Structure formats: C-alpha cells, structure tokens
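S.K.: I have a structure here, written as structure tokens, and I will follow up with some questions on it.
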Amino acid sequence: MIRSCQIPPMLYRITGNGIHEAMVVTSDGELLGTSHRRSSSKHSHKATLITDITLDYIRLGNELNQRQLTYSEMEMSDATIGIASAGPECFVIAIAEQNVASGLLKDRVTACAAHVKGSLMPLTDAS
C-alpha cells in the first residue's frame, strides 16, 4: 500500500521533459496528492475541473457503449493534459507543455496510474 508521504515523490518522478506537474485525484475531484511540495487551492481547482471533464467523457462513452476509459489526452490553449485511470474511483493527471511528445506523456502517466492502482487495490477490495 502507498503511504501519503510517498505520493509527491512518486508523482515528481513523472515530471520533466515538458511535463510540469502531476496529480492523483478521486472521481469526486478530491486532490489526493500532487508533484508540488505544497498543494494550493489552485491545484485543487485544476484537479476538480479536469476530473469533471474526464467524467463527462466517461459518461458519453458509456452512452455510446464504448470501451472503458484507460487514457485520455486533452490539448488546451497553453498545455496538454494526460489523464489515466488508476482504478474505478481514481485518476492520475499530468499537465505538460503543448509540444510535449505524446508517447512520453502517455507512457509516464499510464505507468504511474498502474502503480497507484496496484497500491490502492487492497483498499478497494476491502470495501
């Protein structure tokens, strides 16, 4: 199981090479951790907004009988955002420069999400 003090260093490892920050959030938009040493309300607001958009895509996919969302990438006016599912109620989000290599962003975010999912699995199995 992952300890809360291990979340920021783990998320910090996926930053670099154009990836500026990473976050772990619940499907309710609650910020579980960030790559920054001190999380602020700015991080929390970003996490909530990105989670809301992601959940809209998931709902749309369910209505269209599409596969389960495992990774999504959004291009914004000033950033590229990678989102990976880390379990039924959790996402890993990375915010990067617009010109970041798409494969690099996907690889780092999905690898981190797999680690988080494995760490949270005992908690979800118990409930």
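S.K.: What FRET efficiency comes out for Asn99 versus Asp28 if R0 is 30 angstrom and r is the Cβ-Cβ distance? Round to the nearest 0.05.
M.R.: 0.40
S.K.: Read phi for every residue in segment 97-113 and hand back ³J(HN,Hα) as whole Hz from Karplus 6.51 cos²θ - 1.76 cosθ + 1.60, θ = phi - 60°, with x for Gly and Pro.
M.R.: 5, 4, 9, 5, 5, 4, x, 5, 4, 4, 4, 5, 5, 5, 5, 5, 4
S.K.: How many nm separate the modelled label positions at Asp52 and Cys5, each set 7 Å beyond the Cα in the direction of the Cβ?
M.R.: Each label point is offset 7 Å from its Cα along the Cβ direction, giving 3.5 nm.
S.K.: Something else now. Within segment 11-29, find all residues whose amide N lies under 14 Å from a label point positioned 7 Å from the Cα of Arg59 along Cα-to-beta-carbon.
M.R.: 28-29
We did not get these values from a lab; they are worked out from the coordinates using the rules stated. Computed from a predicted model, the values in this text were never measured in an experiment. Here the Cβ is made from the backbone with ideal geometry for all residues, glycine too, and neighbour counts use every protein chain on show.
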